[in-house]
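The values are calculated or read from the model by the stated rules, or taken from the named source; none is laboratory data. The structure displayed is predicted, hence computed values, not measured ones. Because the Cβ atoms are built from the backbone with ideal geometry, glycine has one as well, and the counts that use them run over all protein chains shown.
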Amino acid sequence: MAELTIERYRGAALQQFIPAVAALRIEVFRAFPYLYEGNEAYEAEYLQTYVDSPGAVVVIARDGEQVVGASTGLPLAAECEEFRRPFEEAGYPVDKIFYCAESVLQPSYRGRGSASPSLTSGSPMPGKPGILTG
């Protein structure tokens, strides 16, 4: 295992990684405790939200050319209505919340400090640390 390359992607630049991130999500979420039986078509559609949302970001960890990890996030206002509704009903300003969605990492890379660089590579919303901003 070489040193990991960790980079942020937004918009169209993310499109090339959709198949690899979809496969990684299926692999990771198939295991306990999730036991998720995902499929590539659903995952590609789900991840397209991150391509299409101007405020979305995906941090990708690669070992050489192989995608071994990914962290996703987007403005909560860009999420589907079913997901936003509980926040809106509780009075949270969804236009001021950045939702850090999922972080997935292949099991063989866990416990090696692989997540540290992604957490220190910069806020997806520069100058606005934390979840609630504004």
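Of the candidates P54, P75, the single residue that is modelled with pLDDT of 95 or more and either more than 22 Å from Q15 (Cβ to Cβ) or not acidic (D, E) (or both) is P75. The residues in the stretch 23-43 that are among the aliphatic types (A, V, I, L, M) and over 17 Å from D63 (Cα atoms) can be counted, and the count is 4. Flag: S118 matches the condition of being part of a helix (DSSP H, G or I), modelled with pLDDT under 95 and in contact with a strand residue (DSSP E or B) (Cβ under 8 Å, 6 or more places away or on another chain).
Would you check which residues across the stretch 1-52 are farther than 16 Å from E65 by Cβ and in contact (Cβ under 8 Å) with a residue 60 or more places away in the chain and list them? Within the stretch 1-52, R8, R25, E27, V28, F29, A31 meet the criteria.
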